[in-house]
Structure formats: C-alpha cells, structure tokens
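Report on the following structure.
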Amino acid sequence: MLYSDRDLRKLIVPLIIEQTLAIAVGMADTIMISAAGEAAVSGVSLVDTVNILLINVFSALATGGAVVSGHFLGQKRQEDASRSAWQIILFATSLALAITVVFIGFHESLLRLMFGQIEPDVMHSARIYLIITAVSFPGLAVYNSCAAIFRAMNSAKVTMWISLLINAVNLIGNAVCIFGLKWGVAGAAVPTAVSRYVGAVVIFSLMFNEKREINFCGQVRFCFDLELIRRILFIAIPNGLENSMFQLGKILVLSLVATMGTSAIAANAVGGTLAGWNILFGASINLALVSVSAVCIGAGEIGQARYYTRKLMLYVEAGMVLTSVIMYVSMPFLVKMYHLGPEASRMAIEVVRFHNVMAVLFWVPSFTLPNTLRSAGDVIWSMLIAIFSMWVFRIAASYFFTERLHMGLLGVWAAMIVDWIFRGICYTIRYRGHKWETAMHKRE
C-alpha cells in the first residue's frame, strides 16, 4: 500500500489542526468585529463572500498544480514535479496581481453590482474591508499554491505550523487594531492582509530546500512553460469554474438575504461561521484525499485510490456526527458570543441546527467523494454537475422557498441541502463507474 495508517495520520492530523485554527480565528474575528455593531458584521460578511470567491480561484489553481505534481511524484519524476510547482506559483501570482488592481479600482461598482442598494452603514464597512483585503490577494495566491505542494509531499505539518503563525499574527493584530487603536472594520482587515503576506514569505522560502521531493532550487525563471500550464489549467480551470460558480451562486443568494434586513444578514454570517465547525473534519480530510488519490492515480493504482477514498469518507462521516451532536446541544451558548439581537440570534440557532442534521446525511458524497474524481482528471463532468446543481437547485430553490413558501432565512439554507442531495447522487453514480479512472491518460 502506498500509504500506511501512520502516513495518513501524518497528513490528516496537521490538516485538522490547521483548519481548526483557521475557523477559530475566523470565529474570533467575527466576535471582535461584532463589538462595532451588526452593520460592521454584515458589511464584513458580504465582502467575505467575495473574498471566498477569489480564495476558491487560487485554491483551484493550487489544486491543479498539486494534482499534476502528485501525478509526477507517483511516476517518480521529481524534476517535473518541481517544474510544475514553480509554474503554478508564477501563474497564480500574476493572476492575483491583476485581480487586485481590478478590485481596488472598481470596488464600489463591484459592491453595487453584487449586493444592490444595501444600507449606507453596511456599504461603508464593506467598502473599507474590500479595499484592504484585496491588497493581500498575491500573498494569498503564493501561500495556497505552496501549501498544496507541501500536502502533495505528505508534509502537512509544515503548513500547520505556518497556519499557526498566520492566525497568531491575525488574532493579535485584530486585538490591537480593533480594541486598542479603535479602527473598527479596518482593524479586522489590516491584520488579515499582513498575516497573509507573512505566511506567503515563510512558506515560499521553505520551498528552496534541495532535500524536499519538490523544491524551487534551479526552477526560478520568469517565463511560462505552456505545456505544464496547460496540464495544470486542465485541472484548475474546471475546478476553479466550479468553485467560482458555487461562490457566485452564494453571492446571488446572499443578495436575497440582504433584502431580509440587517438581522438576517448578521444571522446568516454567524451561521456560516459556525457551520464551518460542522464540516471541519470534512474540509481537512478533503485536502488529504486530493493528495493521496493523485499519487495513487499517478502510480496507476486505481484500486488503492478507491480504497483510500472509502476509508477517508468514513473518517469524515465519523467526524461529522461528533461535531453535529456537540454543536446542536451548544448552539444557544455559541450564538451568545456574537452579541446579536434576539431576532438574529433566533435565526442563527435555527439555521445552524438544521445544518447539523443535514450535514450528517448528505455532505460527504457531495463534497468528499468528488475529490477523487478531480484527482483523476475527471474535472469537466464534475464541474458541469456542480454548476448545474448550483443554478438550478440552490438559486432557484432559494427564491422558491423564500418568495413562495415564505420560509425566510431557513429557506435559503434548505435550498442548499437540495443542491447537496443532487450533487451527491450524481457523484456517487459517476464514482461507481469506471470512466473517471482513465481521465488522466486521455489528456496526456
């Protein structure tokens, strides 16, 4: 077997710790910002949906690079793995710089386009947060790309420690800037930008170590290798489109939430943060599955890819049950930390408890299983299913549940579950077949 239980623990445990840190600091951010009022929480939450859209783009590029590098590692072609890793850094950073220029130059128009006529104090907070966080996109692109490469090398412990550094800088910076300097929303944005660049510099420097299977020694050249970029983008573009359309759909749905008032926006923001804890094990193990299945497929071990997929899906399900039970019971206490009004608190408790139950039933086949398909290069089919499901089910159902059935914020979350169910059915059918197993070879 390519991975022993010890190897899996070595990969998964640091990823769980890393994701825990990220969610905990995100939760702390929201709690700190809540001291500035519901308008500040709402403005930041609106912009964060845009930021997540960009994070998904960079993550998709990083995944493309990691899959290609993982295939090369499975084939024992370390030099090619290193070349592909450098190319994704070069491409992702160039794209991030271009996006930063666009977001800063047209920030107000973009906010109006995506969220319409929101309340003035919410728009003011959103404008400040968007401009400052946009500056950090190049650092985010570098960090995500390097982190994905380290996971492909089964070195998740490195990204865990760097994540600890990033989150410590962010958390301390928030405390100083929000409570000490009284910067409000800017006090949350500035530490976020600084911490991303700190992480990027540290992890980039660690790539210049000749002892690593993948490294940048002798690879630094500022020109694109079009063949490698093509292979990376074959994975990254469909994955990026899938993730981007997914997040864009969430933004459109959020524009519907915005019409429900500040309390609904704040409840949705808090609910989204708390739901992150619910899928903690899933988000962590999904990252591990991409690396594990890519190496197995690169080595031609389809049977092992299927074995590890089943095994890791069981791990995710067990973790999901544990977190769902804990959260369902403790929701009233958790919501109190956000200083929401009575109506916003009630809605937040309602939607997160709903999420707790539904995640146990439907999340794993919808979000864990397709990672093996993508690692095999079966990205077009996965993308088409995800985009179709998002637009036909999540968006259409959101409007139907809220406008026709008058379910309010819960209707938006119910539509999300309809999307999950459809995806899970389609991915399961695809996985049980064999077409995805040869996707990598068809494109070489």
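May I ask you to sort 166, 302, 89 by Cβ crowding, counting other Cβ atoms within 10 Å and putting the fewest first? Write out the running numbers ahead of the final one.
Working: 166 27, 302 17, 89 22.
The fewest-first ordering by Cβ neighbours comes to 302, 89, 166.
Rounded to the nearest 0.05, what FRET efficiency is calculated for residue 175 and residue 336 with R0 set to 30 Å and r the Cβ-Cβ distance?
0.90
Provide 355, 107, 406, 71 in ascending order of the number of other Cβ atoms located within 10 Å of each residue's Cβ, fewest first.
Ascending number of Cβ neighbours within 10 Å: 406, 107, 355, 71.
What is the gain in length, in nm to one decimal, between residue 112 and residue 391 on full extension, counting 0.36 nm per residue of separation less the C-alpha to C-alpha distance?
Extra length available between residue 112 and residue 391 comes to 98.3 nm.
Relative to the present Cα-Cα distance, how much length would full extension add between residue 384 and residue 31 at 0.36 nm per residue of separation?
Working it through step by step, the gained length comes to 123.3 nm.
Let a ≥ b ≥ c be the square roots of the eigenvalues of the Cα gyration tensor of segment 77-186; is it rounded (a/c under 1.5), or, if not, prolate (a/b larger than b/c) or oblate?
Oblate shape, in that a/c is at least 1.5 and b/c is the bigger or equal ratio.
Could you go through segment 184-198 in sequence order and give the Karplus-derived ³J(HN,Hα) for each residue, using 6.51 cos²θ - 1.76 cosθ + 1.60 with θ = phi - 60°, rounded to whole Hz, and x for Gly and Pro?
x, 4, 4, x, 8, 6, 4, x, 4, 5, 4, 5, 5, 6, 4
Starting from the Cα-Cα distance between residue 400 and residue 251, subtract it from 0.36 nm times their residue separation and give me the gain in nm to one decimal. Could the numbers behind the result be given before it?
Numbers: separation 149, 0.36 × 149 = 53.64 nm, distance 1.69 nm.
The span from residue 400 to residue 251 would gain 52.0 nm if fully extended.
Could you list the chymotrypsin sites (Phe, Trp or Tyr not before Pro) in segment 144-246 that lie in coil according to DSSP, counting only those with at most 16 other Cβ atoms within 10 Å of their Cβ?
208, 222, 224
Can you list the trypsin sites (Lys or Arg not before Pro) in segment 66-118 that are in a DSSP coil and have 14 or fewer other beta carbons within 10 angstrom?
Within segment 66-118, the qualifying trypsin sites (Lys or Arg not before Pro) (loop, at most 14 other Cβ atoms within 10 Å) are 76.
Please give the charge dipole size of segment 5-442, origin at the Cα centre, charges +1 on K and R Cβ atoms and -1 on D and E Cβ atoms. Round to the nearest 20 debye.
Magnitude of the dipole: close to 840 debye.
Just add up the charged neighbours of residue 246: K/R +1, D/E -1, any other residue whose Cβ is under 14 Å from the Cβ of residue 246.
+2
If the limit is 31 Å between Cα atoms, which of 182/336; 211/435; 10/336 go over it?
Over 31 Å apart, Cα to Cα: 211/435; 10/336.
For a footprinting-style exposure proxy, rank 437, 343, 210, 350 by other Cβ within 10 Å, fewest first.
The most exposed by this proxy come first: 210, 343, 350, 437.
Within segment 170-265, list the trypsin sites (Lys or Arg not before Pro) lying in a DSSP loop whose Cβ has at most 14 other Cβ atoms in a 10 Å radius. Mind dumping the intermediate values first?
Details: sites: 182, 196, 211, 212, 221, 230, 231, 250; in loops: 182, 211, 212, 221.
Taking segment 170-265 and a limit of 14 other Cβ atoms within 10 Å, the loop trypsin sites (Lys or Arg not before Pro) found are 182, 211, 221.
What percent of all Cα-Cα pairs in segment 1-124 falls into each 5 Å bin, going from 0 up to the bin containing the maximum distance?
The distribution over segment 1-124 is 2, 9, 11, 14, 15, 16, 11, 9, 6, 5, 2, 0, given as percents.
In whole Hz and in residue order, list the ³J(HN,Hα) couplings for segment 85-99 that follow from phi through the Karplus curve 6.51 cos²θ - 1.76 cosθ + 1.60, θ = phi - 60°; x for Gly and Pro.
Along segment 85-99, the couplings run 5, 5, 4, 6, 4, 4, 5, 5, 5, 4, 5, 4, 4, 5, 5 Hz.
Throughout, read-outs are computed from the coordinates displayed, never taken from laboratory work. Computed from a predicted model, the values in this text were never measured in an experiment. Don't worry about glycine lacking a Cβ; one is built from the backbone with ideal geometry, like all the others, and counts go over all protein chains shown.
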